[in-house]
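Peer 1: Questions regarding the structure given below will be posed in turn.
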Amino acid sequence: MCGIVGYIGRRDAVPVLLEGLRSLEYRGYDSAGLAVIRRNRLQVTKTAGRVSDLRDRVDGRSRAPVGIGHTRWATHGEPNEVNAHPHTDAEGRIAVVHNGIIENAEQLRDALTDRGVKLVSDTDTEALAHMIAAEAERAASLEEAVRRALRHVEGTYGLVVLDVRHPGELVVARNGSPIVVGVGEAEMFVASDVAALVRYTKQVVYLEDAEMATVRATDFRTLPIDESGRRAAGSTVPTTVEAEAGDYELGPYQDFMRKEIHEQPEALRRALRGRLDDRFATARLGGIDLDARQLRSIRQVKFLGCGSAYYAGQMGALLVEELARIPSDAEPASEFRYRNPVVDPDTLYVAVSQSGETLDTLMAVQELKRKGGQVIGAVNVVGSAIGRECGSGVFLHAGPEIAVASTKALTNMAATFAMLALLLGRVRDLSAAAGQRIVAGLRALPGQMEEVLAAEPKIAEVARRFAAAEHMFFIGRVRGWPVAREGAQKLKEVSYVHAEAYQAAELKHGPLALINSSMPSVVVVPADELLGKHVSTIEQIRARGGPVIAVTSAGLPPSLADAVIGVPRGEPELEPLLLNIPLQLLAYHVAATLGRDIDKPRNLAKSVTVELVQGQQVRFGRAAGKRLLAPHDFAGRGAARAPALGELADHLQPASVLVLAACLAEPG
Ligand code: F6R
């Protein structure tokens, strides 16, 4: 949630930093600050308010060629001006901005106090500024000073350091918290998120974990933080980011969730572009580096993800079974990583994640790799940890997803899995004619989605009618089941209305007892071979006085339910993608009717990169005084031993793990 930005080059740093911080506002923050070097002096400006307050306070009278900025979401110490970043040493030589959590901050602060250093804030980051300043007195370079100081640090960080005595450079370091370098002409940018720099450059280099860089206006060099030489420095060849500055702006919308719902047809077109092969009626997924023989040898496909990514995986599993006739299932990565899974070398594991940073999914990938599993990623954010850990896979091309609730990423996940299923099917028994039908069905989807989105006013009206309900059921069968689960999830997270998803046939085994006039059910009705069964589910619910909202591609008559929301008829296997859209809009408009903070639902964060173990935050790195290895080490880059599962379990007992709330996720 915290945000970092840094600049060095030919422009005045202040407006660049302020604009960068403004672009990071969507992540949420409680205070902001920046530091620049002017006339050989460090000038720090902070506020416990918004970036606009910072803009009003900052001294813009003369140009500053270098500076760093930060938006903070309080973790150590209250959200006030003193605790806001940047933090400096006593002399005002060094300034630091930092995302992450220093787990041994207490020890470091005590050691500094014992040496007579007066700490002014309650933060973990301030200790870093003092430590780097002390090292800088002895070290030959700022880079060396930062490196030496980091030897004493346990925990996670993405950080940027500014030194008055080295005004021609910024030093950055990454361990578990993203840092990206933006390459311009005679200027360089650094940030925790490309959102802060796409306005200025599309050429970026993502720092690897355990890597640092010295950034100058005209060049930069990367090097491992660990100077033992066991790791090589990462690449400095930039990649081009797809995102546009407008992706981070609301434009005519009031919130990002609605904007992103409406972006789905375009996002889907991007995901399909260049990947559908008419000649052979198949899909081309360049990131999957397996030939036909290898594809044929896959005996099972297993999707692993969390929350909506898991439900997308369920949609994927159905598609793989239907089109490729390969056994397939999905499992929450958060369960998989804890249950000592049997890893089968002939199974293709697919790690699914929008952010590419979800800790549970990342840990599942590491466990799989350690056991020799074959894992590919389906990831939206390029350069993210899961994408890098998997090494191969498919990008979702959904564009930046900013609202906490996932919408367009889920659509692109499901569409990508349809292409994977098609690819696997066509090296097996799926006929060319059937493949052609799926190719045409996929091509038709964006236009059909536009039709669904055009029905928004009607869906909004249904949402207003039912917004007062305290509970809702979401009912689906086979293809409709993951859709129902995702619909319930969306309603819960953005409107806080309790929602439960049930498989239609399971209703009679218990939940029917809850049906009454104050328990509306959203029933997902694809126009498939089970249509008669879906209709009978609606009748059973209505016979018990339960109101029904039917979401259907089957052209049901309005009299069949209390509200009927229609979607166009697609290829049966692909209909979940269409049926899901009205459920997103329903959740959105219920939340809007109830006046919820739609883009930032309470207790949730966009990417869940931490856990809470008995009241203590644990990411990776060290926990409870015992060394755990950083995730890239698990992957066997040859640098380090993989920890035994039991060693992990010592620290991360499933029973005591609470998935984390917003203020703790992506800490800074
Ligand atoms: C729901 C939602 C979450 C995420 C989950 C996984 O709308 O956004 O359930 O889907 O936290 O996140 P990623 O896909 O980033 O791994």
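The values are calculated or read from the model by the stated rules, or taken from the named source; none is laboratory data. Every value quoted in this text rests on a predicted model; they were computed, and no experiment measured them. Note that we place each Cβ from the backbone using ideal geometry, even for glycine, and neighbour counts take in every protein chain shown. To get the accessible areas, we keep the full protein, side chains included, count just its heavy atoms, and leave off ligands, DNA and RNA. Shrake-Rupley method; radii C 1.70, N 1.55, O 1.52, S 1.80 Å.
Peer 1: State, to one decimal in nm, how far the label point of R269 lies from the label point of E450, with both points 7 Å from Cα in the Cβ direction.
Peer 2: With each label point 7 Å from Cα toward Cβ, the separation is 0.7 nm.
Peer 1: Can I ask one more? Taking a 1.4 Å probe, which of T75, T113 shows the most accessible area, and what order do the others take after it?
Peer 2: Largest accessible area first, the list is T113, T75.
Peer 1: Quick check: the angle from helix 105-114's long axis to the longest principal axis of the chain, C-alpha only, nearest 10 degrees?
Peer 2: 10
Peer 1: Quick check on the stretch 97-189: of the DSSP beta bridges with both residues there, what percent are antiparallel, nearest 5%?
Peer 2: Antiparallel bridges make up about 90 percent of those DSSP assigns within the stretch 97-189.
Peer 1: What fraction of the DSSP beta bridges in the chain is antiparallel, stated in percent and rounded to the nearest 5?
Peer 2: Numbers: 68 of 106 bridges.
Taking every DSSP beta bridge with both residues in the chain, the antiparallel ones total about 65 percent.
Peer 1: For R165 and V237 in one chain, what is 0.36 nm times their gap in residues minus the Cα-Cα distance, to one decimal in nm?
Peer 2: Computed gain between R165 and V237 is 23.0 nm.
Peer 1: Give me the extension gain from E335 to S297: residue separation times 0.36 nm, minus the current Cα-Cα distance, reported in nm with one decimal.
Peer 2: 11.0 nm
Peer 1: Follow-up. List residues of the stretch 514-534, by number, whose backbone nitrogen lies under 16 Å from a label position 7 Å along Cα→C-beta of E506.
Peer 2: Correct set: 514-515, 522-524.
Peer 1: Please report, as a whole percent, how much of the solvent-accessible surface of the stretch 3-244 comes from carbon and sulfur atoms (probe radius 1.4 Å).
Peer 2: Result for the stretch 3-244: 46 percent of the exposed heavy-atom area is carbon or sulfur.
Peer 1: Another question, then. Please give the residues of the stretch 462-492, grouped as numeric ranges, whose backbone N is less than 20 Å from a label point set 7 Å along the Cα-to-Cβ vector of H498.
Peer 2: Counting only backbone N, you get 466-476, 485-492.
Peer 1: While we're looking at this one, here's another question. Take the Cα radius of gyration of the chain and divide it by 2.2 N^0.38 Å, with N its residue count; two decimals is plenty.
Peer 2: 0.99
Peer 1: Moving on. I'd like to compare 496-502, 104-110: which one has the highest average count of other Cβ atoms within 10 Å, and what's the full order after that?
Peer 2: For the peptides 496-502, 104-110, the packing ranking is 496-502, 104-110.
Peer 1: Quick one: which of 37-47, 139-149 comes out on top by average Cβ neighbours within 10 Å, and what's the full order, highest first?
Peer 2: Output ranking for 37-47, 139-149: 139-149, 37-47.
Peer 1: If you don't mind, there's one more thing I want to ask. Return the FRET efficiency for the residue pair E25, S559: r is the Cβ-Cβ distance, R0 is 51 Å, and the value is rounded to the nearest 0.05.
Peer 2: So, using R0 = 51 Å, E works out to roughly 0.60.
Peer 1: Compute the FRET efficiency between R544 and H152 as 1/(1 + (r/R0)^6), taking r as their Cβ-Cβ distance and R0 = 60 Å, and round to the nearest 0.05.
Peer 2: 0.40
Peer 1: May I pose another question? Can you give the angle from 0 to 90° between the axis of helix 408-426 and the longest principal axis of the chain, with both taken from C-alpha atoms, to the nearest 10?
Peer 2: 60
Peer 1: Could you state the angle between the C-alpha long axis of helix 359-370 and the longest principal axis of the C-alpha atoms of the chain, as a value from 0 to 90 degrees rounded to the nearest 10?
Peer 2: It works out to around 90 degrees.
Peer 1: With a 1.4 Å probe and all protein chains kept in place, how do H152, H70, H397 rank by accessible area, largest first?
Peer 2: Details: H152 100, H70 0, H397 50 Å².
Largest to smallest exposure gives the sequence H152, H397, H70.
Peer 1: On to the next question. Would you work out the charge dipole size for the stretch 356-411 about its Cα centre, treating the Cβ of every Lys and Arg as +1 and the Cβ of every Asp and Glu as -1, and quote it to the nearest 20 debye?
Peer 2: 180
Peer 1: Excluding ligands, DNA and RNA, what is the solvent-accessible area per residue of the stretch 256-454 at a probe of 1.4 Å, expressed in Å²?
Peer 2: Heavy-atom SASA per residue in the stretch 256-454 reads 33 Å².
Peer 1: For a Förster distance of 51 Å, can you work out the FRET efficiency between the beta-carbons of S141 and A513, rounded to the nearest 0.05?
Peer 2: With a Förster radius of 51 Å, E is 0.10.
Peer 1: Express the relative contact order of the stretch 294-374 as a whole percentage, based on alpha carbon pairs under 8 Å and six or more residues apart in sequence. Numbers along the way, then the final one.
Peer 2: Working: 137 pairs, mean separation 29.3, N = 81.
36 percent.
Peer 1: Which chymotrypsin sites (Phe, Trp or Tyr not before Pro) in the stretch 264-348 sit in a loop by DSSP (not H, G, I, E or B) and have at most 15 other Cβ atoms within 10 Å of their own Cβ?
Peer 2: F280
Peer 1: If you count only protein heavy atoms and use a 1.4 Å probe, how large is the accessible surface of E91, to the nearest 10 Å²?
Peer 2: 130
Peer 1: Indicate the gyration tensor shape class of the stretch 256-454 (rounded, prolate or oblate), computed on the Cα atoms with a ≥ b ≥ c the square roots of the eigenvalues: a/c under 1.5 is rounded; otherwise a/b larger than b/c is prolate and the rest oblate.
Peer 2: oblate
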